[in-house]
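Before we start, here is the structure in question, set down as structure tokens.
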């Protein structure tokens, strides 16, 4: 991936599954920041007509397809989250395509974003090496036990299914090692909003100082 546009900043936002990233993203969008959603881009990779679709179907077979030919992401997830080699194959297909999409979306959205700052939200920011193009890395941190419970409730998963999905990602300590900013999500959504606001203020002050 190429370097970001001059005079702008791409911030990678990550965290474990169900850590509270969506709460932070809601605040960022309300504050006028453009957000690139890597998960949505991942869904686009699997859409019919996109280059990743044929590769994924060839790799995993017709059993991952719905009757209309679209990819059944639940069926695909049940294959890749129990088999590390299958997950690796899926990532090797999708991650390079998503990287190209991220670059394109960044270039298209930066001029409309607050202060030239764009956020890239990606659960696999570190694992997929997308962090390398980001100027800052923000990590939303939540106790793994709480996150597991939230994931089960949110996605209607069994405890075993939820643990497999969490296990497919980096553990908390590995992710935090890459962080420039850690947003602790141990309290209420309002407290997380306040942390986000304060971090944005400090970032703007820092950017203004470096430009003066």
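Taking the beta-carbon count within 10 Å as an exposure proxy, list 193, 106, 119, 81 from fewest neighbours to most. Numbers along the way, then the final one.
Working: 193 15, 106 21, 119 24, 81 18.
Taking fewest neighbouring Cβ atoms as first place, the list is 193, 81, 106, 119.
Given Cα pairs under 8 Å that are at least 6 residues apart, what percent is the relative contact order of the stretch 9-211?
Numbers: 260 pairs, mean separation 72.3, N = 203.
Answer for the stretch 9-211 is 36 percent.
In what order do 166, 45, 140 fall by count of nearby beta-carbon atoms within 10 Å, going from fewest to most? Spell out each step's value before the answer.
Numbers: 166 17, 45 21, 140 27.
The order, fewest Cβ neighbours first, is 166, 45, 140.
Which of 196, 74, 23 has the fewest other C-beta atoms within 10 Å, and how do the rest follow up to the most?
Going from sparsest to densest Cβ surroundings: 74, 23, 196.
Just one of [x] 0.95; [y] 1.06; [z] 0.98 is Rg/Rh (Cα atoms, Kirkwood Rh) calculated from these coordinates, so which is it?
Looking at Rg/Rh (Cα atoms, Kirkwood Rh) for this model, the match is [z].
Pairing the Cα long axis of helix 189-211 with the longest principal axis of the chain, what angle in degrees results, from 0 to 90 and rounded to the nearest 10?
Taking the Cα atoms of the chain, the angle to 189-211 is about 60 degrees.
Using only Cα atoms, find the angle between the long axis of helix 21-30 and the longest principal axis of the chain, and express it within 0 to 90 degrees, rounded to the nearest 10.
Approximately 50 degrees, to the nearest 10.
How many nm is it between the label spots at residue 59 and residue 109, if each spot is 7 Å from the Cα in line with the beta carbon?
2.4
Note the angle between two axes, namely the Cα long axis of helix 51-60 and the longest principal axis of the Cα atoms of the chain, as a number of degrees from 0 to 90, rounded to the nearest 10.
40
FYI, it's all coordinate maths here, none of it is from the lab. All figures in this text were calculated on a predicted structure; none of them were measured in a lab. Note: ideal-geometry Cβ built from the backbone for every residue, glycine included; neighbour counts use all protein chains shown.
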